[in-house]
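Scroll down for the structure; my scribbles are underneath it.
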Amino acid sequence: MVPVTCPTTPFDGQKPGTSGLRKAVKVFEQPRYLENFVQSIFDCVDGLSGATLVIGGDGRYHNRTAVQTILRMAAANGVARAVVGRGGILSTPAASCVIRKRGAIGGVILSASHNPGGPDGDFGIKFNAANGGPAPESMTDAFFARSKAITEYKTLESPDLDLDRLGETALGGIAVEVIDPVADYAELMESLFDMAAIRKLFASGFRMVFDAMHAVTGPYATEILERRLGAPAGTVINGTPLEDFGGHHPDPNLAHAEELVGRLFGPDAPDFGAASDGDGDRNMILGRNVFVSPSDSLAVLAANATHVPAFKGGLAGVARSMPTSRAVDRVAAKLGISCYETPTGWKFFGTLLDAGRINLCGEESFGTGADHVREKDGLWAVLMWLNVLAARGLSVAELMAEHWGTYGRTYYGRHDYEAIPQEAADALIAELRGTLSSLAGTDLGGRTVAAADEFAYTDPVDGSRSERQGLRVGFEDGSRIVYRLSGTGTSGATLRVYFERYEPVGGEHGLDAPVALKPLADLAAELAGIERHTGRTKPDVAT
Ligand code: G16
């Protein structure tokens, strides 16, 4: 098997977004499309030759084909060893775990996260670096620049490898090792939590439902929750990964995890409910008749972290993405630890985690994680919640009430306007940007604007600068509206509008979030002229 060099020409638009390159499957199926992007990555990664590379994905349609292509290219580009999850499967946090454990140069992860899959769905690819985390912007910018100048890629002419058999095979000059995708990750989880306490919780009759949404987390959740922690069989629902996720959006939120939400808010509801997404890095947390917003989840975990063995020495610091509510800031202030505000995208937490400045972080987009890997981690968040509930002996509702009673409640919501024409979205943002500087001190819908600006970030560890990371309008009463365009959509533009309203200790804590936020939501739509620019009178998704 001799490496062959194939001529190619660049494709437009191979610019990685918030989390890698995401496009419709049909785009990735074009000859040379995947090869161009993979070669662009390989050309930019220092030290690839002779190194170990991890490869895996969320099992969606096109995953297996892509893994075979990448293996051939890895062999032709001088990689020494490729580590692949059986069946081409690795959840995103498990891939991060394996990269770190094996001392790999990085990993290629195939996923379009929570976007629908199947022949008419989406596909994606991202590179994670040697720390296990998403490539920083300096690297993704280099991949994009390379993709615009590429003239050839290297591959092998070889038959497909058997990805379903564990063990080592030779491919060209390299070793390909097919591993159990769950084992390393499950072992890591056991080292972080009080497994005995969680086992005791389940043995006492505590009932939970975990919705794997027919996505990658099914085998991980079944192994850890049912086999290792003794939760009854059937605790994990929709646990068999399907290439098209059963035709659903594998997106753990109130809109898409319908079955789970129905159970937790229905008769004879279990004590605890959770869901994860396509590639296993997101999580949604529910209690009986309670939805815990991701921003609140981060705050509650920070406040209770020392009940968990991994954090028994206390937290070093915490971080949240800018649009995430400031609930965790209040916990950090009370604990006397730093709280960093970063742009949207898990990659921005990497330097802070590596430097030991933080060991817990999260995002409003159903992402929570810590320093055990360099990705957000859905099942980890669920185990952390279980550990806290076991240690505290409280229900989810009791824990939330206690939290709000101590720190006040931050109501939180987000409206998404999807697939709007790019020009309309750009015009809306440009117009709003132009008005920001005149807003401070003005009265909007009965609230006084305290400050309004466009968020930019200087990484305190490496000094890198990221401009234009969202428009924010903060009010004197502690409420806030944020606008930004998504970096993960695959058709047109998605406008995200985020709202939060702070009710201090002793304030009104018992409202439904959409009711509490209605005036802010109306104000946000009016201030940005959403209907005027887009023709939309309501969001596509409200979470
Ligand atoms: C990715 C990123 C997250 C980000 C989310 C939404 O998550 O890793 O950091 O918060 O996208 O980004 P946007 O608002 O730009 O669409 P995932 O789970 O899709 O990989």
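Every read-out reported here was derived from the displayed coordinates using simple, explicitly stated rules and does not represent laboratory data. The structure presented is a predicted model; accordingly, all values stated were derived computationally and were not measured. All Cβ positions, even for glycine, are placed from backbone atoms using ideal geometry, and neighbour counts span all protein chains on display.
Hey, quick one: spin label on ASP477, modelled 7 Å out along Cα-Cβ, who in segment 403-441 has an amide N within reach, i.e. under 15 Å?
409-412
Can you give me the angle between helix 92-102 and the longest principal axis of the chain, using Cα atoms only, in degrees from 0 to 90, rounded to the nearest 10?
Computed tilt is about 60 degrees.
Find the lysine pairs in segment 185-407 meeting two conditions, Cα atoms under 24 Å apart and a separation of 8 or more places or different chains, and report how many there are.
Lysine pairs meeting both conditions in segment 185-407 amount to 4.
Cα axis of helix 422-436 to longest principal axis of the chain: angle in degrees, 0 to 90, nearest 10?
Tilt of helix 422-436: around 40 degrees.
Trypsin sites (Lys or Arg not before Pro), restricted to segment 227-329: which are DSSP loop and have at most 10 other Cβ atoms within 10 Å?
The qualifying sites are LYS312.
Loop-only GluC sites (Glu not before Pro) in segment 415-508, please: DSSP not H, G, I, E or B, and at most 10 other Cβ atoms within 10 Å.
Answer in residue order: GLU467.
Going by a ≥ b ≥ c, the root eigenvalues of the Cα gyration tensor, does segment 71-139 fall in the rounded group (a/c under 1.5), the prolate group (a/b larger than b/c) or the oblate group?
Cα axes put segment 71-139 in the prolate bin.
Compute the signed sum of charges (Lys and Arg +1, Asp and Glu -1) over the other residues within less than 15 Å, Cβ to Cβ, of ASP540. List each step's numbers first, then the result.
Working: positive: ARG414, ARG496, ARG536, LYS538; negative: ASP251, ASP416, GLU418, GLU531.
Spelling it out: positives minus negatives among the neighbours equals 0.
Which value in nm describes the separation of the simple spin-label points at ALA170 and THR240, placed 7 Å from the Cα toward the beta carbon?
According to this spin-label approximation, the distance is 3.9 nm.
How many angstrom lie between the C-alpha centres of segment 264-327 and segment 488-530?
So the separation of the two Cα centres works out to 20 Å.
Residues in segment 25-50, backbone N under 18 Å from the label point at ALA149 (7 Å along the Cα-to-beta-carbon vector): list them, ranges by number please.
Hits in segment 25-50 for ALA149 at 18 Å: 36-47.
Over the chain, calculate the relative contact order: mean separation of alpha carbon pairs under 8 Å at least 6 apart, over the residue count, as a percent.
For the chain, the relative contact order is 13 percent.
Sequence gap of 8 or more, or different chains, plus Cα separation below 22 Å: how many lysine pairs satisfy both in segment 4-181?
12
Taking the 0 to 90 degree range and rounding to the nearest ten, how far is the long axis of helix 378-392 tilted relative to the main principal axis of the chain, both from C-alpha atoms?
Around 40 degrees separate the two axes.
Rounded to the nearest 20 Debye, what is the dipole magnitude of the chain about its Cα centre when Lys and Arg each give +1 and Asp and Glu each give -1 at the C-beta?
Dipole magnitude for the chain comes out near 640 debye.
Considering only the chain, what is the antiparallel percent among its DSSP beta bridges, to the nearest 5?
DSSP beta bridges in the chain are roughly 70 percent antiparallel.
Could you give the Stokes-Einstein D for segment 4-181 in µm² per second, using the C-alpha Kirkwood radius, 10 °C, 1.306 mPa s?
Numbers: Rh = 15.8 Å.
The estimated diffusion coefficient comes to 101 µm²/s.
Return P(r) of the chain (all Cα-Cα pairs; 10 Å bins starting at 0; whole %; ordered from short to long distances).
It works out to 4, 19, 30, 27, 15, 5, 1, 0, in whole percents.
Do any trypsin sites (Lys or Arg not before Pro) in segment 57-148 lie in a DSSP loop with no more than 16 other beta carbon atoms within 10 Å, and if so, which?
In loop regions of segment 57-148 (DSSP not H, G, I, E or B), the sparsely surrounded trypsin sites (Lys or Arg not before Pro) are LYS148.
Once you have the Cα-Cα distance between ALA183 and LYS518, take 0.36 nm times their residue separation minus that, and quote the gain in nm to one decimal.
116.0 nm
Length gain on complete extension for the stretch ASP162 to ASP462, per 0.36 nm per residue less the alpha carbon to alpha carbon distance?
This chain segment gains 103.8 nm when fully extended.
Whole-Hz ³J(HN,Hα) for each residue in segment 359-368, computed from phi via Karplus 6.51 cos²θ - 1.76 cosθ + 1.60 with θ = phi - 60°, x for glycine and proline: what do you get?
Ordered by residue, 3J(HN,Hα) equals 9, 8, 7, x, 9, 4, 7, 6, x, 9 Hz.
Testing the spin-label approximation: label points 7 Å from Cα along Cα→Cβ at ASP46 and PHE11. State their distance in nm.
2.9
Dipole of segment 409-542, Cα-centred, from +1 at each Lys and Arg C-beta and -1 at each Asp and Glu C-beta, to the nearest 20 debye?
Numbers: 15 positive and 21 negative charges, 19 e Å.
That gives segment 409-542 a dipole magnitude of about 100 debye.
What shape does segment 327-419 take by its C-alpha gyration tensor, where a ≥ b ≥ c are the square roots of the eigenvalues and a/c under 1.5 counts as rounded, a/b above b/c as prolate, and the rest as oblate?
rounded
Within segment 165-206, which residues have the backbone N less than 13 Å from the label spot 7 Å out from ARG227 along Cα→beta-carbon, could you tell me?
Under cut-off, by backbone N: 180-187.
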